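Just below is one structure, and these are the notes that go with it.
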Amino acid sequence: MADDLTRPASDLYERDYVAWTEAQASALRSRKGGENALDYDNLAEEIEDLGKSEQRACESQIENIIEHLLKIEFVGPAETIPHWSKELRGFRRELSKRRTATIDNRLQLELAGAFDYAVKSLVTGGLLPTADEGFEGSPGYSWDQIIDPDWYPVPRYAS
């Protein structure tokens, strides 16, 4: 990310919106102003929050994706798979519109936590009986599987 902050702002804006928001916030914070100057500190916070909002939206989509992958693999019945697959396709599409290199790096670091959250959500909702020890702390699906619009797990339940 440090290299991204030294590139032209317009180039960075097109390539990685989150890195751009961070660079702009940093640039605003480094400026000085007089009595009628812009409120650089608050402007910097607002711009930074734009990037954080994008990241949170992607985190939510990852949780939705993992939850639906788990439903397809472990919950059943087979009749529900087309519905979950359609929702999953929509979550993946929405995620693909928002992803940047910065967001991808951060999401991959938090993948195990997102997986644990999805498992516990399904347990709480009564769709999985328990958060089996085999689930906890393990992402369960690779990053490539999660973002692949055409990958689906093989159902493990008896129809």
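Values as computed for the structure displayed
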{"item": "Residues ILE72, ILE147, sorted so that the one with the fewest Cβ neighbours within 10 Å comes first", "result": "ILE147, ILE72"}
{"item": "Sites ASP148 and ARG29, calculated FRET efficiency, Cβ-Cβ separation with R0 30 Å, nearest 0.05", "result": "0.15"}
{"item": "Inter-probe distance in nm under a simple model that places probes 7 Å from Cα toward Cβ, at SER53 and SER96", "result": "2.5 nm"}
{"item": "The stretch 69-98 versus the stretch 105-122: alpha-carbon centroid distance in Å", "result": "16 Å"}
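Where a number appears in this text, it was derived from the coordinates with a stated rule and is not lab data. Quick caveat: nothing in here was measured; it's all calculated off a predicted structure. Heads up, the Cβs are rebuilt from the backbone with ideal geometry, glycines too, and the neighbour counts pull from every protein chain shown.
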